[in-house]
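The values are calculated or read from the model by the stated rules, or taken from the named source; none is laboratory data. Keep in mind that this is a model prediction, so the values were computed, not measured. For neighbour counting, all protein chains shown are included, and Cβ atoms are generated from backbone atoms with ideal geometry for every residue, glycine included. In case anyone asks, the SASA skips ligands and DNA or RNA and just uses the protein heavy atoms, side chains included. Shrake-Rupley method; radii C 1.70, N 1.55, O 1.52, S 1.80 Å.
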Amino acid sequence: LHMGKTMKEDLTVVVKYIKQLYPPEFNVFSTYAELYHNYFASQAKKNAESHLEDKDIYLLLSWVHNIYTKDMRKDHVLAEELEKVKLGSLLPSSLSNDLEKKYIDSEEATIKNSLSKCLDKEIQRWKEDKEPEKLNGHFQSELLAIFVIQSIYSGQKRAKDISAAVGEELSHRLWKELPIFLKSYRDAFEDFKEKSKKHRYYKPIIIANINNCWNFRDYTEKNMAEKDVNKTSILSTLGDIENSGFDVLLQQLFAQLKPIYKKFTENKWDSSNEIMNEIIKTTSKHISDFRTLKDPFYHAIVEKIHTRLVKDYIVRLLKRKVSLKTSAQQQNLAQHISKNAADLEAFCTSNGSQATWLNSALPKLAEIIRLQDLGAIKIEVATLATTYPDIRKRHLEAFLYIKANLSRGELKSILGYLADSTASTPPGAPLFSNINLS
């Protein structure tokens, strides 16, 4: 600092007062500047070759790449004169490269170590007999995400302040470190999930960890290139944590719904309205607990519930338990299904489901049951297959078992029509592909 200040002040005096006392051909400023620079460079080289602590390496590199080149050479009084002299760097490139490598290696190791310690502290917090804090009504455990993101951001910024190249190299390494860290986080979360089921605040901690993923997801989306393999890995790992947490939260609900859904076929759909009311009532009790999830995750879990409710209903229709021979019987069942579908849609929508793609599945199936004209049935089947391209012959065949008044020829004709319309269509949003008929 003393050398830098002295050089800057003395060269300013040379420019302002001394230069004009000499003939131009003497290049007096150039002589002074080179002598000062050479001395400064020799001292920098001497420091660089001695044993330096990490902070000293950072400071020396800051001088070489940043302070010396910007604060001194770009000084408004000196810049024009210094531009003519071409002084070069304070350090030979080989020595500068060595220091940069030491700095980057050290900074990477330091950040990696601090992230590991932070995760250990987070795991200890899960084991304490305390409910996670709430922020805006959502369980949170955000210290981990905040610390990790700040550590990476600060490391990248410090490196970038040295030079763009150093910043780029450290950023590249830390972006590779983040997916590794998140995999450790996922493994720790899985361990807690499996071993701590009797923990007093088991579900709130699960919810807090799902919410935790939002900060990581948001930071990654905003700061990483779309095609970066690290971005893909990070988002995939976060998806694992979120879905694993959702599975825990939904396990009890789906277990309670299973025997209720069986009642549809046991009662030949006669009391389907009462059964649907029971399904909605049971689901409603659980959904209120999920309000402590952050909005994107709340909508995601409600969509999962919505999908499951519709899928399980379809499964009961495909069970070959009901075979109706008359048009009147089929019309009656179609009415039941339409009413159940409307109630289900109203319930899911009122609770924040944005899965509108599900809403036409049951009404379309009800319409196929209601229709008696072969041509009209084919048109409705084609529409169903366009909306849900993952429906297959086996699904439709099981469903058409309900329409016992179709001849073998008519059945074959309808099934053939479906095969033609879905042969080259890739599955979109999966509904039927998740239905196993075995």
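In a reduced charge model with +1 at each Lys and Arg Cβ and -1 at each Asp and Glu Cβ, the chain shows a dipole moment near 2040 debye about its Cα centre. Could you state how much accessible area ASP54 has, in square angstrom rounded to the nearest 10, with a 1.4 Å probe and all protein chains kept in place? The value for ASP54 is about 80 Å².
Here the chain has 52 percent of its accessible surface on carbon and sulfur atoms, given a 1.4 Å probe and all protein chains in place. Remark: relative contact order (the chain) = 11 percent; criterion is Cα-Cα distance under 8 angstrom and separation of 6 or more residues.
Remark: for residue pairs LYS19/LYS45; LYS5/LYS70; LYS112/LYS160; LYS325/LYS412; LYS8/LYS55; LYS197/LYS281, the C-alpha separation exceeds 20 Å in LYS19/LYS45; LYS8/LYS55; LYS197/LYS281. Average accessible surface for the chain: 53 Å² per residue, computed with a 1.4 Å probe over protein heavy atoms with every protein chain in place. For segment 1-91, the dipole from Cβ point charges (+1 on Lys and Arg, -1 on Asp and Glu) about the Cα centre works out to 100 debye, to the nearest 20. Tell me, which longest segment in the chain has none of the GluC sites (Glu not before Pro) that fall in DSSP loops with at most 14 further Cβ atoms within 10 Å? The answer is 227-438.
Considering only ALA328, LEU418, THR237, and ranking their Cα positions along the charge dipole of the chain that arises from unit charges at the beta-carbon of Lys, Arg, Asp and Glu, the one farthest toward the positive end is ALA328.
Note on segment 80-216: Kirkwood hydrodynamic radius from all Cα pairs is 17.5 Å, rounded to one decimal.
Using the alpha carbons alone, the radius of gyration of segment 137-288 stands to its Kirkwood radius in an Rg to Rh ratio of 1.17. The spacing between segment 249-282 and segment 140-162, judged by their C-alpha centroids, is 48 Å.
Extent of the chain along its three principal axes (Cα atoms, max minus min coordinate, largest first): 116, 53, 32 Å. With Cβ to Cβ distances under 14 Å as the rule, what net charge do the other residues near VAL28 carry (K, R +1; D, E -1)? It works out to a net charge of -1. Only Cα sites of segment 268-418 enter the Debye sum here, all with the same form factor; the resulting log10 I(q)/I(0) across q = 0.09, 0.11, 0.12 1/Å is -0.31, -0.45, -0.53, listed in q order. Note on surface exposure: SER272, SER163, SER350 rank SER350, SER163, SER272 by accessible area, highest first, 1.4 Å probe. In the chain, the calculated helix contribution to ellipticity at 222 nm averages -24000 deg cm²/dmol per residue, counting -39,500 (n - 2.57) for every DSSP H run with n ≥ 4.
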